[in-house]
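All remarks here apply to the structure that follows.
The values are calculated or read from the model by the stated rules, or taken from the named source; none is laboratory data. What you see is a predicted model, and the numbers here were worked out from it, not measured in a lab. Cβ coordinates were reconstructed from backbone atoms using ideal geometry, including for glycine residues, and neighbour counts include every protein chain displayed. Heads up: the accessible areas ignore ligands, DNA and RNA and are worked out on the full protein's heavy atoms, side chains in. Shrake-Rupley method; radii C 1.70, N 1.55, O 1.52, S 1.80 Å.
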Amino acid sequence: MRHFLRDDDLTPAEQAEVLALAAEVKANPYARKPLEGPQTVAVIFDKASTRTRVSFGVGIADLGGSPLILDTATTQSGRGESTADTAKVLGRMTSAIVWRTYAQSGLEEMAANAGVPVINALSDDFHPCQILADWQTVIEHKGALAGLTVAYLGDGANNMGHSYLLGGALAGMHVRIGAPDGYQPALAIVADAEAIAKTTGGSIAVMADPEAAIARADVVITDTWVSMGQESEKEARLQLFGAYSITAESLAKAAPDAIVLHCLPAYRGLEISSEVLDGPQSVVWDEAENRLHAQKALMIWLLEKAGEK
Ligand code: CP
Ligand code: NVA
């Protein structure tokens, strides 16, 4: 049974395979129906979501299946039923489980007990579905991934920072994280990304200087400075991250044909200016749409692997 709990649950070749399938699915959205029956996929939210909720709901239906959108507050998980017990029950009645939650360890417990593929729809540590959509978008605009320089500015220790490290390394990209001290990625994940990059020709660099991070980058990315669950740290974070904002002025230091990504939701005037978000270098709406196509490809791929076992 294969799961997708972090980006490097796919090998570099498998990531390329899923991304190629994503392009195929986008060109021919209703050609494949692995969930015909319909089979049900549980999609559980412990945190807010617009894009993930809609893209999985629509994507599961497109694949012939029936999405069952759940939230912790109205299930027995909210009253203390263990993740392992929940997994055993869900696995008896559904074909896959998609879960947005806090701790990565919860996803691991779900995967160990479900008996069906489990997909991370964002945890505190990773957001791997987002990176598949992002790389599909970069391929559409740049033709390929390997060798490109990606600069991610802002909170390097959040789910997006970590997933860009692993996902970029898998794709053979040169990943630069520009983040203040204390908000740089976890050392264990940097080490994992470096080990992958050695095999793919990519590279990893973590730095505090935002100008050095963005200099001549091909792909410029940011994310909110206050992730879900960090609301009590908001004031301190807004003070700290100011120098990492993507504005017309900072973007001018990237390659002239750089593209700008943001997983959204964006906080205009903070991590990114409206001028950049709505400007000619922004590809954020393609990126949002590609959540649908990339996740359909991922589900097709995982369901095929589950059938092979
Ligand atoms: N980018 C992303 O995951 O968006 P949502 O939080 O709206 O799902
Ligand atoms: N880092 C953000 C991503 C939102 C899609 C968060 O976790 O809130």
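Taking segment 92-149 on its own, how many of its residues are part of a loop (DSSP other than H, G, I, E, B), over 14 Å from Ala294 (Cα atoms) and not charged (D, E, K, R)?
Residues meeting the conditions: 17.
Which pairs turn up if I take residues in segment 52-73 that are away from ligand 2 (no atom under 16 Å from the Cβ) and look for partners that are among the basic types (Lys, Arg) and open to solvent by 40 Å² or more (accessible area, probe 1.4 Å) with beta carbon separation below 7 Å, at least 6 apart in sequence or on another chain?
If the second residue must be among the basic types (Lys, Arg) and open to solvent by 40 Å² or more (accessible area, probe 1.4 Å), the pairs left are Leu63/Arg32; Leu63/Lys33; Gly64/Lys33; Ile69/Arg53.
Taking only segment 264-289 into account, find how many residues are of a type outside the set (Ser, Thr, Tyr) and part of a helix (DSSP H, G or I).
9
If Gly65 passes every condition in (1) closer than 18 Å to Ala294 by Cα; (2) in contact with a Phe, Trp or Tyr (Cβ under 8 Å, 6 or more places away or on another chain) but one, which one does it miss?
(2)
Hey, Phe241 hits all of (1) more than 15 Å from Asn158 (Cβ to Cβ); (2) in contact (Cβ under 8 Å) with a residue 40 or more places away in the chain; (3) in a helix (DSSP H, G or I) but one; which does it fall short on?
Here Phe241 meets the rest and fails (1).
Which ones in segment 119-157 are more than 11 Å from the chain's Cα centre (by Cα) and under 26 Å from Asp181 (Cβ atoms)?
Asp124, Thr149, Val150, Ala151, Tyr152, Leu153, Gly154, Asp155, Gly156, Ala157
Can you find even one residue in segment 15-29 that is polar (S, T, N, Q), in a helix (DSSP H, G or I) and within 16 Å of ligand 1 (Cβ to nearest atom)?
Checked segment 15-29: no residue is polar (S, T, N, Q), in a helix (DSSP H, G or I) and within 16 Å of ligand 1 (Cβ to nearest atom).
Residue-wise test of (1) surrounded by 24 or more Cβ atoms within 10 Å (Cβ to Cβ); (2) acidic (Asp, Glu); (3) part of a helix (DSSP H, G or I).
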site	(1), (2), (3)
Asp192	no, yes, yes
Ile196	no, no, yes
Val206	no, no, no
Arg216	no, no, no
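Just to verify a result, which residue in segment 100-138, among those that are of a type in the set (Phe, Trp, Tyr) and away from ligand 1 (no atom under 13 Å from the Cβ), is most open to solvent (accessible area, probe 1.4 Å)?
Looking at the filtered set, the residue picked out is Tyr102.
Test Asp223 against the stated conditions and say whether it is within 16 Å of ligand 2 (Cβ to nearest atom) and charged (D, E, K, R).
yes
Any residue in segment 265-283 that is of a type in the set (Lys, Arg), out of contact with any Ser or Thr (no Cβ under 7 Å at 6 or more places or on another chain) and modelled with pLDDT of 95 or more?
no
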